[in-house]
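Take a look at the structure set out below.
The values are calculated or read from the model by the stated rules, or taken from the named source; none is laboratory data. Predicted model only: the values in this text are computed from it and were never measured. FYI the Cβ positions are ideal-geometry reconstructions off the backbone, even for glycines, and counts take in every protein chain you see. SASA here: full protein model, heavy atoms, side chains in, ligands and nucleic acids out. Shrake-Rupley method; radii C 1.70, N 1.55, O 1.52, S 1.80 Å.
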Amino acid sequence: MSNTYWQEELETLPRRQLEELQVKKLRDSIARALISPYYGKLYGELGITPDTIQCVEDIRKLPFTVKDDLRSSYPYGMLTCPKDDIVRMHCTSGTTGNPAAVLYTRHDLASWANLLARSMYAVGTRPSDIFQNMSGYGLFTGGLGFQNGAEALGCMTIPAAAGNSIRQIKLMRDFGTTCAHSVPSYLGRLHAVFVENGLDPRKDTQLKRLFIGAEPHSEETRLRIEELFGAKAYNSFGMTEMNGPGVAFECVCQKGMHLWEDCYLLEIIDPETLEPLPDGEVGEMVLTTLDREAMPILRYRTRDLTRIIPEPCPCGRTHRRIDRIKGRSDDMFIIKGCNVFPIQIERILMQVPEVGSDYLITLDSNAEGDTMLVQAELQPTMFTDDYKQLEALRKRIALKLKDEILVTPAIQLVPPGSLPRSDGKAKRVVDNRKN
Ligand code: COA
Ligand code: AMP
Ligand code: ZN
C-alpha cells in the first residue's frame, strides 16, 4: 500500500484499462441481473444479454431503471441470489407506498466498505485515527456504511449516531476523535453547543477531518465548516440504491468528487431528452453498479444534477470527478439528512379530516441548521379559535409527519383560503435555504 492510495493500481488505472474493466464487469452484471425476476423478464423481452455490451458506450442499449421500478419490485424482485446469501438490507424513502430497498451479500458489504476505506484513506485517514460517525444508523446507509468502511480501514470507530450534541462533544473530547462524518447542516448546531458550553472545537478537540455529505451544500458552507472546526471538510456522495456513501468522494485537492469507476459506470444525460451529454455539461447522473452480487441496478436515474469535471485531477487518480450536486430533476428535498417528497406530506395531511386541500412547506436555514414549517389550511367547518383543540391537532399532525418523513416539522394551522396561490395553482414548497 503506498502512502497516498488505498489501492494504487486500481485508483490510477489508465483510462483504457479502466474502461476494459468496466466492460467486463458490466457484462458480468448483466449476466447476474438476468437471474432476477425484474431484469430477467425485462431484458428477456428486449433480447439483452451480456453480448449486448462490447464497449462502454453500449450501456446506452439498456433501458433506464427508475426508483418506481425498485419500489414495484420490492422486496425481492431484483434479487439474483438465494435469500440465504443476503446478509443485510437498507432502504430509502419512496414517494408513497413501498420504499426502495437494497439487499447485500457478504461480498456486497465488503466491496462497499472497501470503497469507503479507499475514500477516507485518500484524504489522509489512517488506522491511527479515531472516527466518530454522527450519521443516523438503522436503515440510513450513512450509519453502518461509514462504520464498516472505517473499520475496514482500521480506525477506532465511535458509532455515536445522530442527535444528542452534548454527548457527541463528550465522546469527541474523551476519546480524542480525529475525524467525523456528519450531514453538513448539523455542524452549525453542533458548533453552537460547543460555544454554549464554553468550548471551541478548534482548541478543545483533536478534529482534523470531517466527511460531509448526504445533502446538497455549497463551497461557502464547506469553508465555513472548516473555519468553525479548524478541520478539513471533504464532500462525500452516495445513495442507498448504489449501496450508500462511498460512490464518490473528494480527494485532498477538494475540487470535485472522484466517482469510483471500477464499481460504478457513470453517465450524464439530459433529463428531458434522455440523451447523453458531453463531459462538462450539467445534467442528470445515471449510475450502474458494476460490483454488486445480490442486486445489480443498471442505468439508474439518480435524479441528481451534476457534471463531469473533464480535466484530470492532480492527485493522479484516473477515476473521473463529479462536481458538487447542483439540484434534482424531481421534487425531492433533503432536510436534516432525510429525503422528503412533498407528496408524502400531502398524503399524511389528507388523512387528517380537519385539514383542507391546501398546504405549504417552507424550508429555511439559520446558523444552527435547517428548519421546516408546514402550514395547512383547515376545512371551513373545522376552523376554530379553541386554542387547546388546535394545539392537540397540531401535535397529532406533527407526530404523524415525523413517522413518515423522520424529521419533526413545525406545524401551523391556518384559515381556509389564506395560503398564497399563483395562477390558481397552489405552491407546495418554498425553499429559502442558502446552502
Ligand atoms: N444529524 C445529526 N444530528 C442531528 C441532525 C442531523 N442531521 N439534525 C438534528 N440533529 C440533532 C439535533 O441537534 C438534536 O440534538 P441536540 O438538541 O442535542 O443538539 C437532535 O438531533 C434532535 O433534533 P430535532 O431537530 O429536534 O429532531 P427531529 O425530530 O427533527 O429529528 C433526527 C432529527 C436527527 C432524528 C433526524 O433528522 C435524523 O435521523 N437525521 C439524520 C439523517 C442522516 O443521518 N442522514 C444521512 C443518511 S446517509
Ligand atoms: P439516501 O439514499 O437517503 O442516502 O439519499 C441519497 C441522496 O442524497 C442522493 O440522491 C442525493 O440527492 C443526496 N446526496 C447524497 N450525497 C450528497 C452530496 N454529497 N451532495 C449533495 N447531495 C447528496
Ligand atoms: Zn483527485
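Brief remarks follow.
- Per-atom-type breakdown for the stretch 1-330 gives carbon and sulfur 53% of the accessible area (1.4 Å probe, protein chains only).
- Between amide H atoms placed 1.01 Å from N, distances below 5 Å from Ser236 occur with Ile212, Gly213, Ala214, all of them 5 or more places distant or on a separate chain.
- Less than 5 angstrom separates the built amide H of Ile130 from those of Thr178, Cys179, all sequence-distant by 5 or more or on a different chain.
- Zone of Thr384's modelled label, taken as backbone nitrogen in the stretch 345-360 under 17 Å from a point 7 Å along Cα→Cβ: 352-356
- Residue-wise HN-Hα coupling along the stretch 325-335, computed from phi with Karplus coefficients 6.51, -1.76, 1.60 (Hz; x: Gly, Pro): 5, 9, x, 10, 9, 10, 9, 5, 10, 10, 10
- Shape of the stretch 1-330, Cα gyration tensor, a/c cut at 1.5: prolate
- Relative contact order computed over the stretch 12-67 (Cα-Cα under 8 Å; 6+ residues apart), in percent: 35
- Share, in percent, of DSSP beta bridges within the chain that are antiparallel, nearest 5: 65
- At a probe radius of 1.4 angstrom, the accessible area of the chain per residue rounds to 43 square angstrom.
- With contributions of -39500 (n - 2.57) from each DSSP H run of at least four residues, the per-residue ellipticity at 222 nm computed over the chain stands at -9500 deg cm²/dmol.
- Interchain or long-range residues, amide H under 5 Å from Asp358's placed H: Glu377
- Sequence-separation-based contact order of the chain, relative, with Cα cut under 8 Å and 6+ spacing, percent: 14
- Whole-percent carbon and sulfur share, accessible surface of the stretch 333-431, 1.4 Å: 53
- Karplus-derived HN-Hα couplings along the stretch 78-87 (A = 6.51, B = -1.76, C = 1.60, θ = phi - 60°), whole Hz, x at Gly and Pro: 10, 6, 10, 9, x, 4, 4, 7, 7, 10
- Length-normalised contact order for the stretch 333-431 - Cα pairs under 8 Å, 6+ apart - percent: 34
- Backbone phi angles across the stretch 361-369, fed through the Karplus curve with coefficients 6.51, -1.76 and 1.60 (θ = phi - 60°), yield HN-Hα couplings of 9, 10, 10, 9, 10, 9, 4, 9, x Hz in residue order; Gly and Pro are listed as x.
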